[in-house]
Amino acid sequence: MTRADLTLIAVIAVCALVAWPMAAGASSGGSGSVVVVGPEGETTARLDENATLQIAGTAGTVTVVIDSGTVRVTDSTCPDRVCVHTGAISAPGSMIACVPNGVVVRIGGEESDGLDARVR
């Protein structure tokens, strides 16, 4: 490795370290909100305030509970209840969908972390 290679590696590392906090701050914007979209419109609530929302879906009512910084669907009139079995979410960009009722619960609003998909 030449001296020029080491200099280039050092410059790239410094740029990455400087850019990392700025990118992390940009992706966390809007993470304090919960957006519930249903057939009748959009409802927004704060993630840090406990609440129970009754959302009218196409096949019945979906109950969304915000508690201690997490969001979960506790009851739904859909046949398989996949949305209920999803459990609680808390990470920005996470979502729960009740497809038969046409209801989507999303953390962080319209803001995106720039990723097309997330694998856990």
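No value in this document is a laboratory result; all are computed from the given coordinates. Being a predicted model, the structure only gives us computed values, none of them experimental. Virtual Cβ from ideal backbone geometry, glycine too; neighbours counted across all protein chains shown.
Quick look at the values:
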| read-out | value |
| --- | --- |
| Residue ID - farthest from the chain's Cα centre (by Cα), chosen from residues in region 78-103 that are assigned to a loop (DSSP other than H, G, I, E, B) and small (Gly, Ala, Ser) | GLY102 |
| Some residue of region 55-72 being among the small types (Gly, Ala, Ser) and either under 12 Å from VAL105 (Cβ atoms) or not in a loop (DSSP other than H, G, I, E, B) (or both) | yes |
| Region 60-77, residues that are over 18 Å from the mean Cα position of the chain (by Cα) and crowded, with 17+ Cβ neighbours inside 10 Å | VAL62, SER76 |
